[in-house]
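In what follows, a structure is listed as structure tokens, so that the remarks can point back to it.
The values are calculated or read from the model by the stated rules, or taken from the named source; none is laboratory data. Note that the coordinates shown come from a computational prediction; the quantities given were computed from them, not determined experimentally. Methodologically, a virtual Cβ is constructed for each residue, glycine included, from the backbone with ideal geometry; neighbour enumeration extends over all protein chains shown.
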Amino acid sequence: MKVKLARDILKANDLLAENLRGRLADQGIVSVNLVGSPGSGKTTLLERTLEHLGELRASVIEGDIATALDAERIEQKGVPVVQINTDGTCHLDANMILGALDELDLARTDLLFIENVGNLVCPAGWDLGEDLRAVVASVTEGDEKPRKYPRIFEKASACVLNKVDLLPYVVFDLERFRKDVSLLNPEAPVFLVSATDGTGVAEWTNWLEAKLALKRSQR
Ligand code: MG
Ligand code: ZN
């Protein structure tokens, strides 16, 4: 009997992810892996982000256990989108992204957004070959998420705190949240956003655009 160690599977994923990163770099694309709990507002954030991009061309990969509901929403924005249904798997892996890329026109893509399966645990361990990883949290989830799920915050390039329009109605210690994120990850900016009323979306998209400009200047 051969026992396949989780370690080996992760190592194979990392190699594939490195390969993907090189392929996207050759095309001058910046890829963004959006991670966060179910209901944190990843898809709504993505909708607002796409509206703000102006001339920049986006493509989207949607990851869900089931349905094409999120891809249908993105399609309404006129943006090329591929839905991956993981059929029970609670995260995306690099191999799934590799398959989805065949369906997208990379020559017409500046920013590639990947919306991961809603989950604060294992997406932290699966490199998708992305340049940037943004963890989306929302004030309705409570301020203790960085303390309870430190790894996903440690490995993020940025944190988007969504639904800030609801702050007056929920128990959420914003200063505590900010402090906990900065203790885990001093480099990561925290964007205060409401994807429903548009607060903070410009700051977030400006950051993405700056990252794209930086990557292209280094080619
Ligand atoms: Mg979604
Ligand atoms: Zn998983």
If I filter the stretch 195-205 for residues that are surrounded by 17 or more Cβ atoms within 10 Å (Cβ to Cβ), polar (S, T, N, Q) and over 17 Å from the mean Cα position of the chain (by Cα), do I get at least one hit? yes
Being out of contact with any strand residue (DSSP E or B) (no Cβ under 8 Å at 6 or more places or on another chain), more than 16 Å from ligand 2 (Cβ to nearest atom), at positive phi and at pLDDT 95 or above narrows it down to one residue among G129, G142; which is it? G142
Going by the structure shown, is T109 touching a residue at least 24 places away in the same chain (Cβ under 8 Å), out of contact with any Ser or Thr (no Cβ under 8 Å at 6 or more places or on another chain) and within 24 Å of T44 (Cβ to Cβ)? no
From V164, V171, V181, V201, grab the single residue that is touching a Leu at 6+ places or on another chain (Cβ under 6 Å) and either more than 24 Å from R21 (Cβ to Cβ) or among the polar types (S, T, N, Q) (or both). V164
Going through the stretch 48-72 one residue at a time, which ones are farther than 19 Å from D131 by Cα and surrounded by fewer than 17 Cβ atoms within 10 Å (Cβ to Cβ)? E51, H52, G54, E55, I65, A66, T67, A68, L69, E72
Flag if L34 is surrounded by 15 or more Cβ atoms within 10 Å (Cβ to Cβ) and either among the basic types (K, R) or away from ligand 2 (no atom under 16 Å from the Cβ) (or both): no
In the stretch 63-81, which residue that is within 16 Å of ligand 2 (Cβ to nearest atom) and not hydrophobic (A, V, I, L, M, F, W, C) is farthest from the chain's Cα centre (by Cα)? D64
Expected single match for within 17 Å of the chain's Cα centre (by Cα), over 30 Å from G200 (Cα atoms) and hydrophobic (A, V, I, L, M, F, W, C) among L53, L34, L20 is L20
Is it the case that some residue within the stretch 171-183 is touching a strand residue (DSSP E or B) at 6+ places or on another chain (Cβ under 9 Å) and touching a residue at least 60 places away in the same chain (Cβ under 8 Å)? no
Look at L15 and say whether it is more than 16 Å from ligand 2 (Cβ to nearest atom), modelled with pLDDT of 95 or more, part of a helix (DSSP H, G or I) and over 25 Å from L192 (Cβ atoms). yes
So I84, is it within 16 Å of the chain's Cα centre (by Cα), within 14 Å of ligand 2 (Cβ to nearest atom) and free of Cβ contacts under 8 Å to residues at least 24 places away in the same chain: yes
Out of G142, G118, G125, G129, which single residue is within 30 Å of P168 (Cβ to Cβ) and under 17 Å from the mean Cα position of the chain (by Cα)? G118
Taking interchain pairs and intrachain pairs at least six residues apart, which have beta carbon atoms under 8 angstrom, with the first residue in the stretch 39-64 and closer than 24 Å to T86 by Cα and touching a residue at least 60 places away in the same chain (Cβ under 8 Å) and the second within 13 Å of ligand 1 (Cβ to nearest atom) and assigned to a helix (DSSP H, G or I)? T43/D70; T43/R73; T43/I74; L46/I74; E47/R73; E47/I74
Tell me, which residue of the stretch 150-177 that is of a type in the set (A, V, I, L, M) and in a loop (DSSP other than H, G, I, E, B) is nearest to the chain's Cα centre (by Cα)? A156
